[in-house]
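Take a look at the structure below.
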Amino acid sequence: MIELRRVNKWFGGRQVLKDVSLTVARGERVVVCGPSGAGKSTMIRCINRLEEHQQGEIFVDGIELTGDVKQIEAIRREVGMVFQHFNLFPHLTVLDNLTLAPIWVRRMPRREAEDLAMLYLERVRIPEQAGKYPSQLSGGEQQRVAIARALCMKPQIMLFDEPTSALDPEMIKEVLDVMVELAQSGMTMICVTHEMGFAREVADLMVFMDQGEVIETAPPDRFFTAPRNERTRLFLGRILRQ
Amino acid sequence: MVPADQRAPASPPKRQVAPWNDERVRSLAFQSLTLALVVGLLAYLALNAADNLSRQGIATGFGFLGREASFAITTALIPYSPADTYARALLVGLLNTLLVAGLGLVLATLLGLALGLARLSANWLLGRLALVYVEIMRNTPLVLQLFLWWDLLRLSTPPPREAWKPLPGVYISLRGVFFPVPVYDPLYLWMGAALALGVAAAALLGVWGRRRQARTGRALRLGLPGLALILLPPAIVFFAGGAPHLLDVPHPTRFDFSGGRSITPEFAALLAGLVAYTAAFIGEILRGSILSVRSGQSEAAAALGLTRGQALRLIVLPQAIRVAIPPLTSEYLNLAKNSSLAVAIGFPELFSVTNTVANQTGQAIEAMAIVCATYLAISLSISLLMNLYNRSMAPVER
């Protein structure tokens, strides 16, 4: 479904991705963790070309990511993304946030798009907020709207870029619950997160990155109980002690 | 403040303060003094002016407005001759100001948007060209630019006798562009009505198209049918009415042209100058307000599969315009007021006409008071409209 082959990327003279390779099968759920500056966000942002990689190959659903604008748009239609800071459109109501892309990108009739939007708002359990503006919602509600917005495009793959890092502690659970449900429905997911409880519950594969490199990939039971690499052990020791 | 008699009895007795040390007495004294000085100065100036005017035998008041102007105006949107009154001359000037300001606002906004987007574009050459343009325009005086445009227009066009004739009846020379206009015919009123009907029909078609899109999801290409709906009715009326084709064609005289209508080099220079100058500022305002929209917004739009154009139109510009409205308003006000610089190149807008009127009648104070009040009215109208627009665009908060 997604394949990264020896991907390299530099910001100026600083190398942020070093020979990153990763394969994600359909329906697989991958959790990426690692210290800040490890290149986790950069890597998943390369998958829908919010960042451009400079060496190596990335295939999404059999299509190679190149400079071809049409192919990039085609891939973005199939890949949903949820951001750390929600990035809802503040000038549109919740409902309009959800229907925008189906109407303009999928050319869906407005009424059909609205029905679809209400369906997903119910799935994230905030149908009553449809007429409000994003600034009128709590952080947790905004992030759930953002998830519903991505789902309205009926993507094959969902990317989560630290979806709970900007939330107050009491709102993290409501967002994670929605993500767990999504994982159980069989969605292909890549999540950058430090929520290790969530990772244990849903991940098929754990990926540990540090300084632009993939240090270790392992299924969660082995990853948490018997990490092979010293750096993974150090990192897990730091975040699990809390 | 709590009145003294309601204070708690335990409060200490009020200490006696000398009046010149009392804060309230002091502030009252200073304010009275300032007011007296201002009123005194104004009264002195007014009395002096009245005294001087009466010594020169000039009656004060607005009676002069009804007298014959006896000077010609080169560009007039309404019929005007030197035999008309000063009031009508001022009206001609006002209409010219409104024409140049109105056209200027629209054109400067369009050029400004293009400049702002060019400076933001990934195309290095385009961005640099726009930067050079903006810096030159912003950093040279507008009066200078107006002279430059005017000289450019006059030096690059031939004298009337060698005028270019790009089309029959059209003459381009240093006197301006002369072109034929249809002679008035009652049928034109009916054509206007037919045009209004066509526009209404096209609007209905648009509404129908949007409803259909909402129902079926298919966007119809209604541009051409809509255009046909607008243009066909007046055309049918025109031909059914016998196609009146009497034209008022300009014809060359010894040093000039007579008949037809014309765009004078002064008007063209003023419009070009105001637009080119103001657009540089508007471009920077729009660029800044587009940059003020957080990058996450266009990233989210891109991640949803929207094209860059859609992201700009649906997500970035609606948010940028809110930031841009207040500084844009002051740019529009500047453009309207800067149109008075036409006095330098001799385009007869409100201020130049007023200048002539003041020179001829000697009633500079009254004439300038009229101009001030008029510019104030124009500026306040622009502000009012922009404030209304601003309110309609205001973001919804909790």
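Here are some notes:
- Lone unmet requirement of (1) of a type in the set (D, E, K, R); (2) more than 20 Å from the chain's Cα centre (by Cα); (3) surrounded by fewer than 19 Cβ atoms within 10 Å (Cβ to Cβ) for A:Glu114: (3)
- Extreme residue, farthest from the other protein chains (Cβ to nearest Cβ), among residues of region A:84-130 that are touching an Asp or Glu at 6+ places or on another chain (Cβ under 9 Å) and not in a helix (DSSP H, G or I): A:Arg125
- Residue within region B:104-114 that is over 20 Å from the mean Cα position of the chain (by Cα) and either of a type in the set (A, V, I, L, M) or more than 23 Å from B:Ala324 (Cα to Cα) (or both) present: no
Conditions tested, residue by residue: (1) closer than 24 Å to A:Thr42 by Cα; (2) touching a helix residue (DSSP H, G or I) at 6+ places or on another chain (Cβ under 8 Å); (3) open to solvent by 10 Å² or more (accessible area, probe 1.4 Å).
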{"residue": "A:Arg144", "(1), (2), (3)": "yes, yes, yes"}
{"residue": "A:Gln156", "(1), (2), (3)": "yes, yes, yes"}
{"residue": "A:Glu181", "(1), (2), (3)": "no, yes, yes"}
{"residue": "A:Ser185", "(1), (2), (3)": "no, no, yes"}
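- Taking the listed residues B:Gln56, B:Gln16, the one that is open to solvent by 70 Å² or more (accessible area, probe 1.4 Å) and over 39 Å from the mean Cα position of the chain (by Cα) is B:Gln16, with no other qualifying.
- Test: residue in region B:189-200 that is in contact (Cβ under 8 Å) with a residue 12 or more places away in the chain and open to solvent by 80 Å² or more (accessible area, probe 1.4 Å): yes
- Count of region B:159-169 residues which are without any contact (Cβ under 8 Å) to a residue 40 or more places away in the chain and either on the phi > 0 side of the Ramachandran plot or surrounded by 13 or more Cβ atoms within 10 Å (Cβ to Cβ) (or both): 0
- Filter result for B:Gly259 (under 30 Å from A:Thr42 (Cα atoms) and away from every other protein chain (no Cβ under 13 Å)): no
- Test: residue in region A:64-83 that is open to solvent by 10 Å² or more (accessible area, probe 1.4 Å) and more than 14 Å from chain B (Cβ to nearest Cβ): yes
- Candidates are the residues of region B:311-334 that are among the aliphatic types (A, V, I, L, M) and facing another protein chain (nearest Cβ under 7 Å); the one that is most open to solvent (accessible area, probe 1.4 Å) is B:Leu314.
- Filter result for B:Arg294 (at pLDDT 90 or above, open to solvent by 60 Å² or more (accessible area, probe 1.4 Å) and within 28 Å of B:Pro318 (Cβ to Cβ)): yes
- Residues satisfying the criterion are present in region A:118-134 (criterion: open to solvent by 10 Å² or more (accessible area, probe 1.4 Å) and in contact with a Cys (Cβ under 6 Å, 6 or more places away or on another chain)).
- Residue ID - farthest from the chain's Cα centre (by Cα), chosen from residues in region B:290-310 that are in a helix (DSSP H, G or I) and more than 10 Å from chain A (Cβ to nearest Cβ): B:Gly309
- Of the residues making up region B:371-389, those that are under 14 Å from B:Leu94 (Cβ atoms) and surrounded by fewer than 21 Cβ atoms within 10 Å (Cβ to Cβ) number 9.
- In region A:35-51, the residues that are within 12 Å of another protein chain (Cβ to nearest Cβ) and part of a loop (DSSP other than H, G, I, E, B): A:Asn48, A:Arg49, A:Leu50, A:Glu51
- Hey, B:Leu222 out of contact with any Lys or Arg (no Cβ under 6 Å at 6 or more places or on another chain), within 30 Å of A:Val105 (Cβ to Cβ), away from chain A (no Cβ under 14 Å) and surrounded by 12 or more Cβ atoms within 10 Å (Cβ to Cβ) or not: yes
The values are calculated or read from the model by the stated rules, or taken from the named source; none is laboratory data. These numbers come from a predicted model, not from an experiment. Positions of Cβ are generated from backbone atoms using ideal geometry, with glycine treated the same way; all protein chains shown enter the neighbour counts. Ligands, DNA and RNA are excluded from the accessible area calculation, which covers all protein heavy atoms including side chains. Shrake-Rupley method; radii C 1.70, N 1.55, O 1.52, S 1.80 Å.
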